[in-house]
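Trainee: Structure below; questions to follow.
Please treat every number below as a calculation from the coordinates, not as lab data. Predicted, not measured: the structure shown is a model, and the values here were computed from it. Here Cβ is always computed from backbone atoms with ideal geometry, including for glycine, and neighbour counts include all displayed protein chains.
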Amino acid sequence: MNPAKSAATDQQFIDLTHQLLDCISRGDWETYQSLCDPTLTAFEPEARGQLVAGLDFHRFNFELGGGATKRANTVCAPHVRLLGDDAAVVSYVRLVQCVDSGGNAQTHRFEETRVWQRRDDQWRHVHFHRSPGT
């Protein structure tokens, strides 16, 4: 471990992941962009099985907004795996509670894995895989 760098903790990555999910729920593109590496890659249901690279695909979704008027994220049983000094993987189940435009409460479940990498002394979200819960 490089003594000049402070040791990262599991809680640090759980907090970063919560910050990322919260900015997604708020539609806060500025924060999302600041947390993500420009070369972010992803497999997610919206991409229909294709590997998405870069932020343009995600920007489009932010610009669309969403039908939900209120959202809350619950991260269940997060597991953090540190990969040396400069990378970590966070895996968890995410529950998204929302109220749709008709006032109906809904809960959606996703299985997610987020990869964080230290770049230029800042932790960046570099890859994720999100699957609908089974």
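Trainee: Calculate the dipole size of segment 10-132 relative to its Cα centre from +1 charges on Lys and Arg beta carbons and -1 charges on Asp and Glu beta carbons; express the result in debye to the nearest 20.
Mentor: Roughly 360 debye for segment 10-132.
Trainee: Count the net charge of all other residues whose Cβ sits under 12 Å from the Cβ of F57, scoring Lys and Arg as +1 and Asp and Glu as -1.
Mentor: -2
Trainee: If you don't mind, another one. Using the 10 angstrom Cβ neighbour count as an exposure proxy, how do D22, D121, D15 rank, fewest first?
Mentor: In increasing order of surrounding Cβ atoms, one gets D121, D15, D22.
Trainee: Let's test this: bin the Cα-Cα distances of the chain at 10 Å from zero up to the farthest pair and state each bin's percent.
Mentor: Histogram of Cα-Cα distances, whole percents per bin: 12, 41, 35, 10, 2, 0.
Trainee: Arranged by the count of other C-beta atoms within 10 angstrom, fewest first, what order do T113, T107, T74 take?
Mentor: The fewest-first ordering by Cβ neighbours comes to T107, T74, T113.
Trainee: A follow-up question, please. Would you tally the net charge around Q97, using a Cβ to Cβ cut-off of less than 12 Å, leaving Q97 out, and scoring K and R as +1, D and E as -1?
Mentor: +3
Trainee: Suppose a student asked you for the relative contact order of the chain, using Cα pairs under 8 Å spaced at least 6 residues apart; what percent would you report?
Mentor: The normalised contact order for the chain reaches 24 percent.
Trainee: With everything on Cα atoms, drop me the angle between helix 10-26 and the longest principal axis of the chain, reported from 0 to 90° to the nearest 10.
Mentor: 30 degrees
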